[in-house]
Amino acid sequence: MSKRLIYLIPFVLVPGLVGVATGTEGLKGEYYHATISAHEWQDLVLTRIDSNVNFDWGADSPEPGVVNSDNFTVRWTGMIETPSSETYTFHTEANEGVRLWINSELVIDTWTWNKTWQVTQPPIELGNGNITLTAGQQYEIILEYYERGDTAMCKLFWSTPTLTQETVPSRYLSVERPHARNPEPADDDILRVALVTLLWTPGDYAASHDVYLGESFDDVDAGAADTFRGNQISTSLSIGFSGVPYPGGLVPGKTYYWRIDELNDLHANSPWKGPVWSFSVAPKTAYNADPADGGESVNPAVELGWESGFGAMLHYVYFGENFDEVNNAAGGLPQGTTTYALGPIQLAKTYYWRVDEFDGFATHKGEIWSFTTEGTATSPNPAKGTVAVSPTPILSWTPANLAASHELYFGADADAVRNADKTSPEYKGTKALGEESYDAGRLELETTYYWRIDEVNSVHPDSPWAGNIWGFTTGVFLVVDDFESYNDIDPPDPASNRIFDKWIDGFGTATNGALVGNDMPPYAETTIVHGGTQSMIYRYDNANRTSEATLTLVYPRDWTEEGVTKLSLWFRGASANAVDRMFVALGNAVVYHDDPAATQITGWKEWVIDLTQFAGVDLANVNNITIGIGTRNSPAVGGTGTIYFDDIRLVR
């Protein structure tokens, strides 16, 4: 039993956790006396709300007279949300160990005695882990900490490519957890049973639960009538047998979606709509092929593997170099394991395989999988299957180890590209080693194109090695600048294409505060990007001046081509930027962003401008485009900031 149980609510004037007002910032902290080796959570002695986790207690107690100064543990719980949608790196500093879960995912785990200490005194253990989070969505957070002896410290930070490391602010933490959570089966689980009991942890204020269950994400998310399974007090629902949903059993190979809304008629914010979770029942056929279907650069020493089908007892494996032969094969030998060892196979060759599953009653024919062994070109850009690609793309790839040169094939017919040789119109020529790129020219919009790179080495008897067929689909836009073509090559090299040599800024002038690009390579921004791998970093200093950067256009200059009517560009500011206006100019025609503090807009935002707003401009012959900060021709006492721009396009 607890010697002493005290509830402290710093900064919140309520007597206990029950009934805390919705929106209370911070996390609930539960402090325990512990015997670390035997029972970390032995004796709960204090519960309070901590605004954030940024504690350096030293040799003192977290609460003198209540919590021990040594041998204690803390569990902080609540909800966390983020200011922007991106990958967050969480960091911990602790003396001694921590475990951090976000959305049921273990992000950091330094809960161990086998430690690598930072070189400092006293020792501090550092932890970090990444997780991708969506702005505006709440996620459950659990942070556990233990302290054994000497000094005590526990701190929680976050950072992103656009956010300097900082203590997780209290405004993004919430004590309340009003939504259902901890689904069982876990979200995206694959089951091997025809019946299951759904379980969940109720929200903090739930008096009852509305349950939605169906086979369509959209229907469950919308609460379609046939997905509503009733309101209930219990936090479980059995399905898959007589008298309950899906009385005939769950179907192998099918995905099911479910949602729990929490209700409490006495609470003004009720109901609390829950997230849509899903689970699947394993199919009767084999699945989860290893190597993955369509895999490239596979080691020739590979061993085949797969997940067995629902109820499968025996497996029949078929393997070969011809799709039709593998598809039509029969009479294979049965085996009980889900792996298959291959004999020697060749480099740069595509192989096909199939696994049929026998469940004691019937044999279920598997799909045809394929993979290509090492020896072919890899890393296509655009990546295989990419959509909304620029209609003026520069194709690139990574050469195979044995390649001395490359033969390139390109066209709009997949079979023609696959079967092409050097006499075919799809053949676009030979590229030397070190020249792994190809300018595809101006392509049609909304069209799928295919390409192939054959690797050549005249001194090798197996050369040439036919490449994989890659495909991409062009978008419904013209590219003004996607910033992908800029490089870090300095003049006088004729291949030099530096971003600040094309976007002319205020470098060396006193009247223009714009500076584009980085002083040292990489000159274009490669971390904070909207699309592709590069964007434009734009620094402004509007102390009694405005900032402008101008690009002289080569293509497209006809801004009526393909029926385009709007200019679209993506930008990303920062709350620390000085407040100022943002504008785009075509010659003397200037259009300002509607938000006079656009420089402080965080996260990537699209700005769409109707081309008719550029009064007096001949849209069939546009010479240049300018991006500016401030009021053009009206310098004022302004400040500094950094903005990123990407994907400047013309759209219909």
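The values are calculated or read from the model by the stated rules, or taken from the named source; none is laboratory data. Bear in mind the structure is a predicted one, so any value in this text is a computation, not a measurement. Don't worry about glycine lacking a Cβ; one is built from the backbone with ideal geometry, like all the others, and counts go over all protein chains shown.
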Test N542 against the criterion of being free of Cβ contacts under 8 Å to residues at least 24 places away in the same chain and under 17 Å from G641 (Cβ atoms), and give yes or no.
no
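Which residues, taken from the stretch 593-618, are of a type in the set (D, E, K, R) and part of a loop (DSSP other than H, G, I, E, B)? Can you show your working first?
Of the residues in the stretch 593-618, the ones of a type in the set (D, E, K, R) are 594-595, 605-606, 610, 618.
Listed by number, the residues that qualify are D594, D595, D618.
Do we have A416 as closer than 19 Å to S297 by Cβ, at pLDDT 95 or above and among the small types (G, A, S) here?
Numbers: closer than 19 Å to S297 by Cβ: no; at pLDDT 95 or above: yes; among the small types (G, A, S): yes.
So A416 fails the test.
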Which one of these is touching a residue at least 40 places away in the same chain (Cβ under 8 Å), over 17 Å from D481 (Cβ atoms) and not β-branched (V, I, T): A585, A636, A589, A598?
A636
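Does H593 meet the test of being within 21 Å of G513 (Cα to Cα) and either at pLDDT 95 or above or not small (G, A, S) (or both)? Give the derivation first.
Details: within 21 Å of G513 (Cα to Cα): yes; either at pLDDT 95 or above or not small (G, A, S) (or both): yes.
Yes.
Please state which one of T372, T423, T376 is among the β-branched types (V, I, T), assigned to a loop (DSSP other than H, G, I, E, B) and either surrounded by 19 or more Cβ atoms within 10 Å (Cβ to Cβ) or in contact with a strand residue (DSSP E or B) (Cβ under 6 Å, 6 or more places away or on another chain) (or both).
Working: T372 fails: assigned to a loop (DSSP other than H, G, I, E, B); T423 fails: either surrounded by 19 or more Cβ atoms within 10 Å (Cβ to Cβ) or in contact with a strand residue (DSSP E or B) (Cβ under 6 Å, 6 or more places away or on another chain) (or both).
It is T376.
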Against the condition outside the structural domain of D324 (by TED's automatic domain parsing), more than 24 Å from A301 (Cα to Cα) and buried (at least 22 other Cβ atoms within 10 Å of the Cβ), how does P391 come out, does it pass?
no
The stretch 442-463, subset in a loop (DSSP other than H, G, I, E, B), without any contact (Cβ under 8 Å) to a residue 60 or more places away in the chain and more than 31 Å from the chain's Cα centre (by Cα), residue surrounded by the most Cβ atoms within 10 Å (Cβ to Cβ)
N457
From the residues in the stretch 620-638 that are at pLDDT below 95 and assigned to a strand (DSSP E or B), which one is farthest from the chain's Cα centre (by Cα)?
V637
Complete set of residues in the stretch 178-198 that are modelled with pLDDT of 95 or more, part of a strand (DSSP E or B) and either surrounded by 17 or more Cβ atoms within 10 Å (Cβ to Cβ) or more than 28 Å from the chain's Cα centre (by Cα) (or both):
L191, V196, T197, L198
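Looking at A292, is it under 30 Å from T235 (Cβ atoms), surrounded by fewer than 19 Cβ atoms within 10 Å (Cβ to Cβ) and of a type outside the set (S, T, N, Q)?
Working: under 30 Å from T235 (Cβ atoms): no; surrounded by fewer than 19 Cβ atoms within 10 Å (Cβ to Cβ): yes; of a type outside the set (S, T, N, Q): yes.
It is false that A292 is under 30 Å from T235 (Cβ atoms), surrounded by fewer than 19 Cβ atoms within 10 Å (Cβ to Cβ) and of a type outside the set (S, T, N, Q).
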Exactly one condition in (1) part of a loop (DSSP other than H, G, I, E, B); (2) under 30 Å from D219 (Cβ atoms); (3) touching a Pro at 6+ places or on another chain (Cβ under 6 Å) is not met by I345; state its number.
(2)
I need the full set of residues from the stretch 295-321 which are at pLDDT below 95 and loosely packed, with under 12 Cβ neighbours inside 10 Å, in order please.
N299, A301
Being assigned to a loop (DSSP other than H, G, I, E, B) and closer than 30 Å to H209 by Cα: is that true of L266 here?
yes
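State the number of residues belonging to the stretch 210-264 that are of a type in the set (V, I, T) and either crowded, with 19+ Cβ neighbours inside 10 Å or in contact with a helix residue (DSSP H, G or I) (Cβ under 7 Å, 6 or more places away or on another chain) (or both). Outline the logic, then answer.
Residues of the stretch 210-264 of a type in the set (V, I, T): 211, 220, 227, 233, 235, 239, 244, 251, 255, 260.
So of that shortlist, the ones also either crowded, with 19+ Cβ neighbours inside 10 Å or in contact with a helix residue (DSSP H, G or I) (Cβ under 7 Å, 6 or more places away or on another chain) (or both) come out as 211, 220, 227, 239, 260.
Adding up the residues that qualify gives 5.
Would you be able to tell me the number of residues in the stretch 397-420 that are part of a loop (DSSP other than H, G, I, E, B) and buried (at least 20 other Cβ atoms within 10 Å of the Cβ)?
Just the residues of the stretch 397-420 that are part of a loop (DSSP other than H, G, I, E, B), to begin with: 399-404, 412-413, 420.
Among the residues that remain, those that are also buried (at least 20 other Cβ atoms within 10 Å of the Cβ) are: 399-400, 403, 420.
The number of residues fulfilling the criteria is 4.
In the stretch 125-177, which strands (runs of 3 or more DSSP E) lie fully inside it and hold 3 or more residues that are under 11 Å from T89 (Cβ atoms)?
125-133, 152-160
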